[in-house]
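Chemist: Before I ask anything, here is the structure I am working with.
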Amino acid sequence: MIMPGKLLTFRSGGVHPPGNKHLSEHKPIRRVPLPETVSINLNQHLGKPAQCAVKIKQEISVGERIGEADGFISADIHSPVSGTVRKIQTVMTAVGTMAESVLIEVDSEKTAEDLKKYQSTPDCAPEKLGKKEILEAIKQAGIVGEGGAAFPTHIKLAPPPDKPIDTVILNGAECEPFLTADHQLMLEKTAEILTGARILRHILEIDSIIIGIENNKPDAIRAFEKLIETDSYPGMRIAALKTKYPQGGEKQLIKAILDREVPSGKLPFDVGVIVQNVGTVFAVYEAVYCGKPLIQRVVTISGFVNNPGNYLLPLGVSFEHAIRAGAGGFRDDTRVKEVINGGPMMGKAVRQLDVTVTKGTSGILVLSDQEFSYDGEGPCIRCGRCIDTCPMGLMPTLLAMNARYERIEGLKSVMDCIECGTCSYVCPTHRQLVHWIRAGKVLLRKANRSVK
Ligand code: SF4
Ligand code: SF4
């Protein structure tokens, strides 16, 4: 039992939306039958999209590189299936942008056979492996942060020499309502995640690794504690966190666990910290020990579907296939109102169901007419709730207004917004605060560019 008095959290703002995790919680990670084709986008990460590295009619095997990193901040992309390249096309992504995408006709039998090559794991302590070789393996595997921003991991793990790192935080908070993929991964792959953490500790030459988990996942906390008590994981500890949204934000985690404030415009490494999502750390383990690139990930499919759960989805599978072949389809096709890429707080509604799973897809949430109703926004009644609950100490109502009326001078703090959605969630008149704040970021970037 986790004692409430010991729970850590950030201080300013935050909310407690209904978790709705019971729908998929503790459901074992399951595979989904392969579709006839997968469409793998080449812009699955922060930075420049990868360059297409295949041709039409080319035969492809599982794990083969189909996109080559282009520039410093970019990442390779690999095929999750064996088959034949049929098209190189421009498609809409799950976040509403357009992307180049490689359409592969799947050979299911060969895929199953080829996937077996990733099952063997050499028996060798991470500390015995060369640091450069590890970083190269992570780069070659095309690993990016699976928790949200999809920042290439090999860059995050090589901070500038003038930014010494003393702590890595493993982010197991998973504070978004409905999502349980990280929770289930922590239960099923506890030892592998801890070995991944040892790899990080080794390459960064640090002593302290802290795993932050919200107290609504006591079994995950216990699973890690049990292993950490053995001698294999020195320097590691668990931080039990209060269940509060957005506890999984990098800055909120660092504040809660280490009481360090990441200043405005700065990054975690400016306060000596690197935060890695637990799914990313598992991918690091697989890259180093199995030679496996990031070609699939665990995704929660939940809400108005017949079999909500946690599914191991290959990259490039369409949301429609994932919902119908994995989660048993919609409970009633006629009542579906929205399909969200991610959770209800930070996720975005998708415009069409043929958008595909990427390295950053943590959840697919289906909302019916019962859960989703929106009658448009009302006027701001100056209640101040958005200001009281903003975890970044911002004034969302003012920022949204300044963005709407293009008052650039009033947008100075807009880049501090982590787009957590808390302000929109609490607003009694349903003002589209995050929408306008995002628009404000675009305005500010444009204005800054034109000044240069
Ligand atoms: S979305 Fe931005 S402005 Fe709104 S509560 Fe979150 S951090 Fe604050
Ligand atoms: S919560 Fe909504 S109504 Fe209240 S101050 Fe903020 S924008 Fe205005």
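Chemist: Scan segment 394-413 for residues that are open to solvent by 60 Å² or more (accessible area, probe 1.4 Å) and of a type outside the set (Lys, Arg) and report the count.
Modeler: Residues flagged as open to solvent by 60 Å² or more (accessible area, probe 1.4 Å) and of a type outside the set (Lys, Arg) within segment 394-413 amount to 5.
Chemist: Something else: Would you mind stating whether LYS139 is over 24 Å from the mean Cα position of the chain (by Cα) and open to solvent by 60 Å² or more (accessible area, probe 1.4 Å)? Write out each step before concluding.
Modeler: Working: over 24 Å from the mean Cα position of the chain (by Cα): no; open to solvent by 60 Å² or more (accessible area, probe 1.4 Å): yes.
The answer is no for LYS139.
Chemist: Does TYR425 satisfy being open to solvent by 30 Å² or more (accessible area, probe 1.4 Å) and in contact with a strand residue (DSSP E or B) (Cβ under 8 Å, 6 or more places away or on another chain)?
Modeler: Against the criterion (open to solvent by 30 Å² or more (accessible area, probe 1.4 Å) and in contact with a strand residue (DSSP E or B) (Cβ under 8 Å, 6 or more places away or on another chain)), TYR425 qualifies.
Chemist: Give the residue, chosen from LYS337, LYS266, that is in the same structural domain as GLY196 (by TED's automatic domain parsing), of a type in the set (D, E, K, R) and open to solvent by 20 Å² or more (accessible area, probe 1.4 Å).
Modeler: Being in the same structural domain as GLY196 (by TED's automatic domain parsing), of a type in the set (D, E, K, R) and open to solvent by 20 Å² or more (accessible area, probe 1.4 Å) holds for just one of LYS337, LYS266, which is LYS266.
Chemist: Between residues in segment 371-385 that are under 18 Å from PRO396 (Cα atoms) and residues that are outside any loop (DSSP other than H, G, I, E, B) and within 15 Å of ligand 1 (Cβ to nearest atom), which pairs lie under 6 Å by C-beta distance while being six or more apart or on different chains?
Modeler: CYS380/THR397; ARG385/VAL426
Chemist: Would you mind stating whether LYS117 is basic (Lys, Arg), surrounded by fewer than 17 Cβ atoms within 10 Å (Cβ to Cβ) and part of a helix (DSSP H, G or I)?
Modeler: Here the answer is yes, as LYS117 does meet what is asked.
Chemist: Does segment 433-445 contain any residue that is in contact with a Lys or Arg (Cβ under 9 Å, 6 or more places away or on another chain), within 30 Å of GLY329 (Cα to Cα) and within 16 Å of ligand 1 (Cβ to nearest atom)?
Modeler: The answer is no, given that none of the residues of segment 433-445 is in contact with a Lys or Arg (Cβ under 9 Å, 6 or more places away or on another chain), within 30 Å of GLY329 (Cα to Cα) and within 16 Å of ligand 1 (Cβ to nearest atom).
Chemist: For ASP416, only one of the following conditions fails: (1) under 27 Å from the mean Cα position of the chain (by Cα); (2) among the acidic types (Asp, Glu); (3) within 16 Å of ligand 1 (Cβ to nearest atom); (4) loosely packed, with under 15 Cβ neighbours inside 10 Å. What is its number?
Modeler: Every listed condition holds for ASP416 apart from (4).
Chemist: Let me ask you something else. Do you know which residues across segment 413-450 are in a helix (DSSP H, G or I) and either of a type in the set (Val, Ile, Thr) or under 17 Å from PHE372 (Cα atoms) (or both)? Write out each step before concluding.
Modeler: Of all residues in segment 413-450, those in a helix (DSSP H, G or I) come to 414-416, 422-426, 433-450.
VAL414, THR422, SER424, TYR425, VAL426, VAL434, ILE437, VAL442 - these are the residues of segment 413-450 that are in a helix (DSSP H, G or I) and either of a type in the set (Val, Ile, Thr) or under 17 Å from PHE372 (Cα atoms) (or both).
Chemist: So VAL366 clears everything in (1) in a strand (DSSP E or B); (2) out of contact with any Leu (no Cβ under 9 Å at 6 or more places or on another chain); (3) within 22 Å of PRO246 (Cβ to Cβ) except one condition, right? Which one?
Modeler: (3)
Chemist: Still on this model: Of all residues in segment 368-393, how many are of a type in the set (S, T, N, Q) and surrounded by 12 or more Cβ atoms within 10 Å (Cβ to Cβ)?
Modeler: Total meeting the criteria: 2.
Chemist: I would also like to ask the following. Being surrounded by fewer than 24 Cβ atoms within 10 Å (Cβ to Cβ) and not assigned by TED's automatic domain parsing to the domain that holds THR422 is true for just one of GLY303, GLY329, GLY363. Which residue is that?
Modeler: GLY329
Chemist: Which of the numbered conditions does GLY272 fail, given that it passes all the others? Conditions: (1) surrounded by 23 or more Cβ atoms within 10 Å (Cβ to Cβ); (2) closer than 30 Å to HIS154 by Cα.
Modeler: (1)
The values are calculated or read from the model by the stated rules, or taken from the named source; none is laboratory data. Remember, it's a predicted structure, so these values are computed and weren't measured experimentally. Quick reminder, even Gly has a Cβ in these numbers, built from the backbone with ideal geometry, and neighbours come from all protein chains shown. Please note that ligands, DNA and RNA were not included when accessible areas were found on the heavy atoms of the full protein model with its side chains. Shrake-Rupley method; radii C 1.70, N 1.55, O 1.52, S 1.80 Å.
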